Amino acid sequence: MAISATRIAKRLSGVLSQSFSTSRAATASQLTVRDALNSALDEEMERDETVFLMGEEVAQYDGAYKISRGLWKKYGDKRVIDTPITESGFAGIAVGAAMGGLRPVCEFMTFNFSMQAIDHVVNSASKTFYMSAGLIHVPIVFRGPNGAAAGVGAQHSQCFASWYSQCPGLKVVSPYSSEDAKGLLKAAIRDPDPVVVLENELLYGTSFDVSDEVLSKDFVLPLGKAVVEREGQHITLVAHSRAVMLALEAATALAGEGVECEVINLRSLRPLDEETIVKSVIKTHNLVTVEQGWPQCGIGSEICARVVESPAYHYLESPVIRVTGVDVPMPYAKSLEIACIPQPHDVIKAVKKVLKIK
Amino acid sequence: LLRDEIKIKTEMLSKIVRAVVTQSQSNKRALAPFMTSVRRGGTVTEATFQTQPYKLHRLDEPPSTTSICSRDDALLFYRQMQIIRRLESASSNLYKEKAIRGFCHLYSGQEAICVGVKAALRSQDSVITAYRDHGWAYVMGCSIVSIMAELTGRTQGVARGKGGSMHMYTKNFYGGNGIVGAQVPVGAGVALANKYLENGGICVALYGDGAANQGQLYEAYNMAKLMSLPAVFICENNGYGMGTSVDRASASTNYYTRGDYVPGIWIDGMDVLSVREAIRYCIDYCTSGKGPLVLEVATYRYHGHSMSDPGTSYRTRDEIQEVRQTRDPIMLFKDHIIGADLVTADELKKIDNEVRKEVDEAVKIAKTDKEIAVQELATDVYLNPVETTIRGTTPFDPYTHRRLSKVANLH
């Protein structure tokens, strides 16, 4: 049976796009992050009857951010459950459901509200397998938007990447692209351990090129594996979630000035793909981390510490610099909010400082 | 000042004893059975007893006013309660010898609850409780050796010594939970799984009078009622949340009514058969799609809140003695079953000796068994580990993650 050259190319690009850069994929379609998450949920619910979704407004409202659009209509009350506004209670219920034989996807409308339920995420879910010496497992997914949005104020803008990724027993992912969103959410749902999926509200509407493979029903991404979005030889930029976009924008601008940045999209925060970072730093000799969360005990801090403790340290030509959110609660006023979140010029400035160029 | 102290303590005493004593002053509880069956070799094969009166909230029909107890059940319940009593007593001694560390919350006095509940449960039912879980671990299937060895943190422990007193688990028993109140919504979640999977099971979620004021309980009641979950929420009211008596912690101490729109039952927790009948009723209720129930089981704990609490600064020794002498669940049951000719005193004495021996053996093992190898601290953090190394105290000596266990709830 003859296979067309185009199909071979698409196949190849599908493979390539998984391990290298999404922008290199010979793409078939565009997919928003929202639709990627939606199809991930739909496909996993279709595949496994024990998978169900619960959270505020996920059913009849189609989801506060429309991530679960159409699911209630398709699967009904049993599998898409609207909860009251009681995070502590419903997160606990989700954990119990996971212990009792189901695979719940527990949505927090934003991760800010997960603070009310964090005892269940950490104490009831993440520690149980260990405390029981492996008798009771908790196959649960906690998902929802994380971090800064736009104009939502201090109580609705916190990034929980550090808090959750600190906890052994949890797996934590932070998707950037549609491919990330779909592949990581599907992997999270299939995973027998508790997984926290930190999405980003501002990315929901963003379209990305995706290959046919991404669109397939069995497309999963491995947890704990970062991806090099853009290759470069002068400096490594490591980011997760929306900060990847920021790093890529800075990289594009810098390329115009002859500086080639290697941009690593972490995808997972726990486990953190130290190997990919170290390999890159050994190649480029310079590192800047980029994140939207607060600086103290942030993801950048962890990356820096790990690089310093690794063989890559001896290859560094400059100290590691972190680009982070400003160390204040998020203000509302537009210009202040913009100033509190790293912008491309912040990354460019950091890169130039590190490379000692003007 | 001394007279005031005595006055306060006497008031407390009478309040507590009144809470525990189910009857009106004229104690109408029937000691003797009113119906017996065939006699065989000096004992009968079964006897019928009256249960202690129940108090109802938003329910018309109470659980059964009678309970048939077979000879086998009589021997079983007695043995189970004695084992738990002995186990807890041994734990107390081990703790004082520093063979048990950290937290140790003893169940002595409350035995009739876990034995009575388990007597009614079927294989598809689940239980979840808080940290006063040794008795529950036992009735749900953990061996005496595994419980004691878990307390001393050794290899033969329920969780290989990795959990400790508050974290014992087995199939359909979800612990053993250290955070007050957290187990209640989790229990409602297990009930959700039962309903979803249509396995006919219910989940019994226990908590104390202290936890009864936690907000997440009300969140759990709400959702359980909305979704008609087969959940039985049980407050083991022993009169004190640590050192705080119920009157000082709760604006309403009618815990069986605290579910408001969720119907409730108050039960005398010192009578194992009353507890059993109540749970049978609950199973019937919950499995016919009527939704959750809130139970309050009145009981008493002889020891302090935990081994760090002598348990005498907030109650009098007289009060504790009073309950031991007049309301002890094992003593009461013993009187029942001997009085009904279900068993002989000698038979029970034999059980006592066997129990003592079994527990003594278990203590010996618990003291001499080894701890797991240090490397095993990196075992079973994940069911499906992504990384194989786990960072140690420095980056120079990482551990290797290993999978060892047979998962009890694999799905």
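The values are calculated or read from the model by the stated rules, or taken from the named source; none is laboratory data. The model shown is predicted, which means the values in this text are computed figures rather than measured ones. No Cβ is skipped: glycine too gets one built from the backbone with ideal geometry, and neighbour counts run over all protein chains shown. Note: areas computed on protein heavy atoms with side chains; ligands, DNA, RNA excluded. Shrake-Rupley method; radii C 1.70, N 1.55, O 1.52, S 1.80 Å.
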I'd like the full set of residues that are surrounded by fewer than 24 Cβ atoms within 10 Å (Cβ to Cβ) and of a type in the set (Ser, Thr, Tyr), limited to segment B:109-128. B:Ser123
With the structure loaded, tell me whether B:Glu296 is open to solvent by 20 Å² or more (accessible area, probe 1.4 Å), away from every other protein chain (no Cβ under 14 Å) and among the charged types (D, E, K, R) or whether it fails that test. no
Determine if segment A:146-163 includes at least one residue that is within 14 Å of chain B (Cβ to nearest Cβ), more than 15 Å from the chain's Cα centre (by Cα) and either free of Cβ contacts under 8 Å to residues at least 40 places away in the same chain or outside any strand (DSSP E or B) (or both). no
Selection status of B:Gly210, crowded, with 24+ Cβ neighbours inside 10 Å and either farther than 14 Å from B:Val262 by Cβ or out of contact with any helix residue (DSSP H, G or I) (no Cβ under 7 Å at 6 or more places or on another chain) (or both): no
Would it be correct to say that B:Arg160 is open to solvent by 10 Å² or more (accessible area, probe 1.4 Å), more than 17 Å from the chain's Cα centre (by Cα) and at positive phi? yes
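Residue by residue, here is whether (1) within 28 Å of A:Ala148 (Cα to Cα); (2) free of Cβ contacts under 8 Å to residues at least 12 places away in the same chain; (3) β-branched (Val, Ile, Thr); (4) surrounded by fewer than 21 Cβ atoms within 10 Å (Cβ to Cβ) holds:
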site	(1), (2), (3), (4)
A:Leu198	yes, no, no, no
A:Ser216	no, yes, no, yes
A:Pro222	yes, no, no, yes
A:Val228	yes, no, yes, yes
A:Glu249	yes, no, no, yes
A:Leu266	yes, no, no, no
A:Lys283	no, no, no, yes
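Of the residues in segment A:113-133, how many are under 18 Å from B:His167 (Cβ atoms) and in contact with a Gly (Cβ under 9 Å, 6 or more places away or on another chain)? Spell out the reasoning first.
Start the filter on segment A:113-133 by keeping residues that are under 18 Å from B:His167 (Cβ atoms), which leaves A:119-133.
Of the ones still in play, those that are also in contact with a Gly (Cβ under 9 Å, 6 or more places away or on another chain) are A:119-120, A:122-133.
So the answer is 14.
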Given the conditions (1) assigned to a strand (DSSP E or B); (2) more than 14 Å from chain B (Cβ to nearest Cβ); (3) within 29 Å of A:Glu44 (Cα to Cα), and given that A:Thr236 satisfies all but one, which numbered condition is not satisfied? (3)
Would you confirm, using the coordinates I've provided, whether A:Pro222 is modelled with pLDDT of 95 or more, touching a Ser or Thr at 6+ places or on another chain (Cβ under 7 Å), within 14 Å of chain B (Cβ to nearest Cβ) and within 30 Å of A:His137 (Cα to Cα)? no
Could you please let me know if B:Arg276 is part of a helix (DSSP H, G or I), of a type in the set (Lys, Arg), away from chain A (no Cβ under 14 Å) and free of Cβ contacts under 8 Å to residues at least 12 places away in the same chain? no
Looking at segment B:361-371, can you tell me whether even one residue there is more than 30 Å from B:Tyr78 (Cβ to Cβ) and touching a residue at least 12 places away in the same chain (Cβ under 8 Å)? yes
Options B:Ala345, B:Ala373, B:Ala340; residue that is under 21 Å from B:Gly153 (Cβ atoms) and away from chain A (no Cβ under 11 Å): B:Ala373
Within segment A:304-349, the residues that are closer than 15 Å to A:Ile235 by Cα and among the aliphatic types (A, V, I, L, M) are A:Val307, A:Ala312, A:Leu316, A:Val320, A:Ile321, A:Val323, A:Val347, A:Ile348
Scan segment B:179-230 residue by residue and report those that are more than 9 Å from chain A (Cβ to nearest Cβ), under 18 Å from B:Ser288 (Cβ atoms), in contact (Cβ under 8 Å) with a residue 40 or more places away in the chain and not in a helix (DSSP H, G or I). B:Gly200, B:Ile202, B:Val204, B:Ser228, B:Pro230
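When you scan segment B:247-254, do you find a residue that is out of contact with any Leu (no Cβ under 9 Å at 6 or more places or on another chain), buried (at least 18 other Cβ atoms within 10 Å of the Cβ), more than 15 Å from B:Leu295 (Cα to Cα) and away from chain A (no Cβ under 14 Å), even just one? Let's see the steps before the verdict.
In the first step, residues of segment B:247-254 are kept if they are out of contact with any Leu (no Cβ under 9 Å at 6 or more places or on another chain); the result is B:247-254.
Narrowing further to those that are buried (at least 18 other Cβ atoms within 10 Å of the Cβ): B:250, B:253.
Those still in the list that are more than 15 Å from B:Leu295 (Cα to Cα) too: B:250.
Right, trim to away from chain A (no Cβ under 14 Å) and you get B:250.
Yes.
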Just checking, how many residues over segment A:133-145 are out of contact with any helix residue (DSSP H, G or I) (no Cβ under 6 Å at 6 or more places or on another chain) and within 9 Å of chain B (Cβ to nearest Cβ)? 3
In segment B:378-402, which residue that is in contact (Cβ under 8 Å) with a residue 24 or more places away in the chain and out of contact with any Pro (no Cβ under 7 Å at 6 or more places or on another chain) is surrounded by the most Cβ atoms within 10 Å (Cβ to Cβ)? B:Asp380
Hey, any hits in segment A:268-285 for a residue that's at pLDDT 95 or above, over 24 Å from A:Asp180 (Cβ atoms) and outside any loop (DSSP other than H, G, I, E, B)? yes
Mind checking which residues of segment B:169-178 are in a loop (DSSP other than H, G, I, E, B), open to solvent by less than 20 Å² (accessible area, probe 1.4 Å) and touching a Phe, Trp or Tyr at 6+ places or on another chain (Cβ under 8 Å)? B:Gly175, B:Gly176
Among all residue pairs at least 6 apart or on different chains, which show Cβ distances below 6 Å where the first residue, located in segment B:155-178, is within 7 Å of chain A (Cβ to nearest Cβ) and the second is among the β-branched types (Val, Ile, Thr) and part of a loop (DSSP other than H, G, I, E, B)? B:Arg160/B:Ile372; B:Tyr169/A:Ile136
For segment A:164-178, give me each residue that is within 14 Å of chain B (Cβ to nearest Cβ) and closer than 20 Å to A:Cys304 by Cα. A:Ser165, A:Gln166, A:Cys167, A:Pro168, A:Val172, A:Val173
Could you look through segment A:56-93, keep only residues that are under 17 Å from A:Leu185 (Cα atoms) and open to solvent by less than 10 Å² (accessible area, probe 1.4 Å), and pick out the one that is nearest to the other protein chains (Cβ to nearest Cβ)? A:Val80
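Take the residues in segment A:103-132 that are in a loop (DSSP other than H, G, I, E, B) and crowded, with 24+ Cβ neighbours inside 10 Å, then tell me which one is nearest to the other protein chains (Cβ to nearest Cβ).
Taking segment A:103-132 as the starting set, the residues that turn out to be in a loop (DSSP other than H, G, I, E, B) are A:108-112, A:117, A:127, A:132.
From what is left, the residues that are crowded, with 24+ Cβ neighbours inside 10 Å are A:108, A:111, A:117, A:132.
Working: A:Phe108: 15, A:Phe111: 19, A:Ala117: 9, A:Ser132: 4 Å.
The qualifying residue nearest to the other protein chains (Cβ to nearest Cβ) is A:Ser132.
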